[in-house]
Amino acid sequence: MIKVLILAYDFPPYVSVGGLRPFHWYKNFRKFGLDPVVVTRQWGNTYGSALDYIAPGYSDKVIVEETEWGKVLYTPYHPNLSNRLFLKYGDARYRKLRKFLSGVNEIMQYFLPKGTKQELYKASFNYLKKNEIDVIIATGEPFVLFHYAKRLSKRFEVPWVADYRDPWSNPWKKKSGLYFKFNQLVEKKTVVPASMISTVSTFVEHQIRQQVPMGTFCIAPNGYDEEVLANLDASKQNAEVFQMAFVGTIYDWHPLEIVLTTLNDWAASNPQRKFELHFYGTNRNEEIRQSTTEHFPSLKAVVKVHPKVSNQSLLERLSEHNALLLFNYYAFMGTKIYDYLALKRKIIFCFSNDPGAQLLKEKHYLLENYEAPETLQEDLIRATNSGIIVENAARLLETMNDLYEEHQQTGQIACKSSGIEAFSRILQVEQLAEAIKQVAHNSKIA
């Protein structure tokens, strides 16, 4: 088998979308002739919240775990001063100092043997001294892992692959900012020596190509986990209460307030309706709680906000809901749409042509020199017959009436989707595995 060293900061048991991508490589690479060794950090899950990202590890030693899938090296984690101040005093105190310290740490980790991710490099270095590896793959962010992979590749003469889950020089960051300029310079210098770049979509590929002039790419979308979803009951919906759910990140161009305003009006028109709107693991949980309390009184009792949970628990909960809310990502697909498809719950897509949403897009969706279709999600929903393309807020009111009536009559919301098998995660893993094999082969004949 081809031995692959995987540098992955986010990895279970830490709950994140980013961690699922390398986890599925780990679970499935051996099926396609690759033997994975994952190097990650120790995740204690002490707090059950975002604080776990900066909480100390549980050992000062590298913990090695071997399973039928491969090997994982869990490295120690030591919070830096900024993190320790946050853990001790909370978010309200020392904000400017913590921001300054974090910025210094982010820059200096590329020049000095320091930083919260340094233990991953040390463990990888020590492993490579004693074991043969055919290919190194680093998945970012954090993108300092690319820097580590480049150094390890040069030191041990092993080809490496840069896996982007998101753009490094983020297109939504202020391009006049010093930190953005620094990232631009470091990204090009770091990634050009890579043997291949893998990423999740043609959208991210385009953003990378703006910074890195190289041509060997493998597009491997995240897809959905067919093993978890196979054990869920597709007919198990809440028959008593019409429940709609949203999962994931809420961006500035997403029409959250427009949707909440519309649903508030809809709920106020008939307070006797049994309806709930659930938000899972968003980046705006507190904002949603506060907003519904202060501005949307008819939603106060029906909006439910939940912290992050494991992917399997999340899918189990979502499978009990009747419909799934999805915001427009325009030129790129996003991640959660694949799980939405596999759950076979009707997707409520907001919006295709709403005036208020268009204003948000013009203000916050700032992409340059990217000429591409902005209907990727719409096209996929139509092709799979998996949801409703809601044009605007007025149409959302009509849609809610129709859905609620269907739920009242049948106890569920029908979703007769088809052709979703092409988006299985294991197919994407196979595609990446074949590309990695080619990298290993090319290295041996070079």
How many residues does region 1-23 contain that are assigned to a strand (DSSP E or B) and either crowded, with 22+ Cβ neighbours inside 10 Å or among the aromatic types (Phe, Trp, Tyr) (or both)?
5
Return the residues of region 268-292 that are assigned to a helix (DSSP H, G or I) and among the polar types (S, T, N, Q); say none if nothing qualifies.
SER269, ASN285, GLN290, SER291, THR292
Given the conditions (1) in contact with a strand residue (DSSP E or B) (Cβ under 9 Å, 6 or more places away or on another chain); (2) more than 24 Å from VAL200 (Cα to Cα), and given that ILE347 satisfies all but one, which numbered condition is not satisfied?
(2)
Consider only pairs whose beta carbons are under 7 Å apart and that are at least six residues apart or on different chains; among these, list those whose first residue lies in region 99-127 and is touching a residue at least 12 places away in the same chain (Cβ under 8 Å) and whose second residue is basic (Lys, Arg).
GLN109/LYS117; GLU119/ARG41; LEU120/ARG41
Restricted to region 216-257 and to residues being of a type in the set (Asp, Glu) and surrounded by fewer than 17 Cβ atoms within 10 Å (Cβ to Cβ), the residue modelled with the lowest pLDDT is ASP233
Kindly indicate whether any position in region 397-405 is among the acidic types (Asp, Glu) and closer than 30 Å to TRP69 by Cβ.
no
Pair list, Cβ < 6 Å and 6+ apart or interchain, from region 245-261 residues that are closer than 22 Å to GLY18 by Cβ to residues that are in a strand (DSSP E or B):
ALA245/HIS278; ALA245/LEU324; PHE246/PHE279; PHE246/LEU325; VAL247/TYR280; HIS254/PHE327
Does TYR404 count as under 29 Å from SER198 (Cβ atoms), surrounded by 15 or more Cβ atoms within 10 Å (Cβ to Cβ), outside the structural domain of TRP25 (by TED's automatic domain parsing) and among the aromatic types (Phe, Trp, Tyr)?
no
At pLDDT below 95, over 28 Å from TRP160 (Cα atoms), in the same structural domain as ALA435 (by TED's automatic domain parsing) and of a type outside the set (A, V, I, L, M, F, W, C), is that true of TYR47?
yes
State which residue is nearest to the chain's Cα centre (by Cα) when the search covers only region 45-81 and only residues that are of a type in the set (Gly, Ala, Ser) and closer than 16 Å to PRO307 by Cβ.
ALA50
For region 82-112, which residues satisfy the criterion of being more than 20 Å from SER169 (Cβ to Cβ), in contact with a helix residue (DSSP H, G or I) (Cβ under 8 Å, 6 or more places away or on another chain) and outside any helix (DSSP H, G or I)?
ARG93, TYR94
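The values are calculated or read from the model by the stated rules, or taken from the named source; none is laboratory data. Being a predicted model, the structure only gives us computed values, none of them experimental. Counting neighbours? That spans all protein chains shown, and the Cβs are built from the backbone with ideal geometry, glycine included.
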